[in-house]
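Asker: Please read through the structure below; I'll follow up with questions.
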Amino acid sequence: MKLNSLAKETLIACRRAGLMIATAESCTGGMISAALTSVSGSSDVFDRAFITYSNQAKQDMLHVPEKKLEKHGAVSKQVAKAMAEGALSVCDSDLCVAVTGIAGPDGGTDEKPVGLVYIACAKNGSTTIVEKHRFEGGRDDVRFQTAERALKLIQIQALVP
């Protein structure tokens, strides 16, 4: 499915649920927010995007604790969760999806290989969901699959009362 079609569906789901959404992106570098804002009329549902590629940006903009980054690394369940929850704490959105991962082709290790991505979705009044994925393909493939799954996760959370 093309990201544009998925973005339209995501916006419709959030509109029906009365949710304002935000994104906190690392490995996708704004791809998710670009897909959402490519849809005319998205401003009634989409609030803002945080592009937090560096650890310092994660700390400064999303209040991810330095100790969490040091202990678990930027690509971890704990940091993805902190990114999503941190974004919600600094904006007026109802829901935030956060992504952090290793898109490649460099940067992977045996413990954290290329294609490893964590996607977290925080929603006011709900438990934050964090998913671990191992996407295949090159850098663009990993980034696309991450954005695609993040949009689907927003839709799932929009259905939760």
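Asker: Answer with yes or no whether V75 is under 22 Å from I156 (Cβ atoms), within 13 Å of the chain's Cα centre (by Cα) and not basic (K, R).
Answerer: No; evaluated as a whole, the condition is false for this residue.
Asker: Collect the residues in region 68-124 that are closer than 26 Å to F46 by Cβ and among the charged types (D, E, K, R), keeping them in residue-number order.
Answerer: Selection gives K77, K81, E85, D92, D94, K123.
Asker: Given A17, A87, A82, A13, which one is touching a strand residue (DSSP E or B) at 6+ places or on another chain (Cβ under 6 Å) and over 24 Å from G138 (Cβ atoms)?
Answerer: Only one candidate qualifies: A87.
Asker: Continuing with this model, one more query. Checking L159 against (1) of a type in the set (A, V, I, L, M); (2) at pLDDT 95 or above; (3) under 21 Å from S42 (Cβ atoms), which single condition isn't satisfied?
Answerer: Condition (2) is where L159 drops out.
Asker: How do the pairs read when you match residues in region 149-161 that are among the β-branched types (V, I, T) with residues anywhere that are surrounded by 16 or more Cβ atoms within 10 Å (Cβ to Cβ) and outside any helix (DSSP H, G or I), using Cβ under 6 Å and keeping only pairs 6 or more apart or on different chains?
Answerer: Partner pairs satisfying both residue conditions: I154/V97.
Asker: Residues in region 107-123: is at least one assigned to a strand (DSSP E or B), surrounded by fewer than 21 Cβ atoms within 10 Å (Cβ to Cβ) and of a type in the set (D, E, K, R)?
Answerer: No, region 107-123 contains no residue that is assigned to a strand (DSSP E or B), surrounded by fewer than 21 Cβ atoms within 10 Å (Cβ to Cβ) and of a type in the set (D, E, K, R).
The values are calculated or read from the model by the stated rules, or taken from the named source; none is laboratory data. In this text, all values refer to a predicted model and were calculated from it rather than measured experimentally. So basically every Cβ, Gly included, is an ideal-geometry build from the backbone, and we count neighbours across all protein chains shown.
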